[in-house]
Amino acid sequence: MTTIARTRAELAARTDPLPGTVALVPTMGALHEGHRALIRHAREIAAHVVVSIFVNPLQFGAGEDLDRYPRTLDADLEVCAAERVDAVFAPAVGEMYPVSNEITVGAGRMGAIAEGASRPGHFDGMLTVVMKLFQIVTPDVAVFGEKDAQQLALIRRMVSDLNLRVEVIGFPTVREPDGLALSSRNRYLSAAERGTALALSRALRAGAGRAGAGSAAVLAAARTVLDEAMKAEPPLDPDYLVLVDPATFEEVAGEYAGPAVLAVAGRVGATRLIDNQPLVLTVPQEV
Ligand code: PAF
């Protein structure tokens, strides 16, 4: 049976101590098939699964979608019960932040590039809540989606830099059959907007298809698809397209060969979406 804990004390009463390994799947709710895949993976690798559901105000900037972010707790609890989650931690804002935060986690330079450049402070807020969740749940492992590639890289870096005792597992992005990456924000899209949004995953596929031709070719192929989508109705308003080192999120360029992530963000109507594609760059040899 799935226990629902609204406070740290309720969670501790249920989970302290649990025999065997504990996996945490941190979420902001509005659970979809992508979250289900994370939960199922957590079940495979640990004896117990805890899912947190918390829309974290600290990681939303002014003018972002904190107020309209989907909150679907009853449906989320049904998903967790169906997936045989042991405990759901769904605190209120006052439980997570009883007093205003004096001490927070800083995402540093890695949190100021790509997604961080468009959303200043976002990654500081995200790391702060993830650190708090790690402290509250004390999991052995934590499972995150690779869809938020920079978030995952930053959490890995926080764990390594701050010597946290938790293993971080990334799980591949789950997509609709037509390529759209699953996201809680997809529910904002009208049918026409959804059609335009497909350009993000199409651009990534076009870029990945040129991985054997070097970084400039990858970016050019992806850019061509985005440029086309800017003329669609409704149009795509691209935010960034970057080719980066998966661990540092530093941009790679020129003759770089090795693993990389092609990451894209853009707005369709009022909805901002992100997506990415891991790839291995090789540079064609001169003969
Ligand atoms: O990816 C998310 O849903 C959130 O950023 C996370 C990791 C749950 C922190 O609020």
- request: Go through the range 76-92 and count every residue that is more than 21 Å from residue 139 (Cα to Cα) and loosely packed, with under 13 Cβ neighbours inside 10 Å.
  value: 1
query: Based on what the data block shows, is residue 211 at pLDDT 95 or above and buried (at least 17 other Cβ atoms within 10 Å of the Cβ)?
result: yes
Selection within the range 178-193 - crowded, with 18+ Cβ neighbours inside 10 Å and either among the acidic types (Asp, Glu) or more than 16 Å from the ligand (Cβ to nearest atom) (or both): 180, 189, 193
- line: Filtering the range 112-158 down to residues that are more than 25 Å from residue 61 (Cβ to Cβ) and outside any loop (DSSP other than H, G, I, E, B) yields 137, 141, 143
task: State whether the residues of the range 171-186 include one that is without any contact (Cβ under 8 Å) to a residue 40 or more places away in the chain, among the basic types (Lys, Arg) and in a helix (DSSP H, G or I).
output: no
query: Listed residues 196, 248, 282, 173; which is more than 30 Å from residue 66 (Cα to Cα) and polar (S, T, N, Q)?
result: 282
- prompt: Condition test on residue 175, is it more than 13 Å from the ligand (Cβ to nearest atom) and of a type in the set (Lys, Arg)?
  reply: yes
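A quick yes/no check of all residues on (1) within 10 Å of the ligand (Cβ to nearest atom); (2) within 17 Å of the chain's Cα centre (by Cα); (3) over 18 Å from residue 261 (Cα atoms):
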{"position": "142", "(1), (2), (3)": "yes, yes, yes"}
{"position": "152", "(1), (2), (3)": "yes, yes, no"}
{"position": "156", "(1), (2), (3)": "no, yes, no"}
{"position": "165", "(1), (2), (3)": "no, no, yes"}
- prompt: So which helices (runs of 4 or more DSSP H) are wholly in the range 1-102 and hold at least 3 residues that are within 16 Å of the ligand (Cβ to nearest atom)?
  reply: 33-45, 73-82, 93-96
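The values are calculated or read from the model by the stated rules, or taken from the named source; none is laboratory data. All values derive from a computational prediction rather than experimental measurement. When we count neighbours, we look across all protein chains shown, and the Cβ atoms used for this are built from the backbone with ideal geometry, even at glycine.
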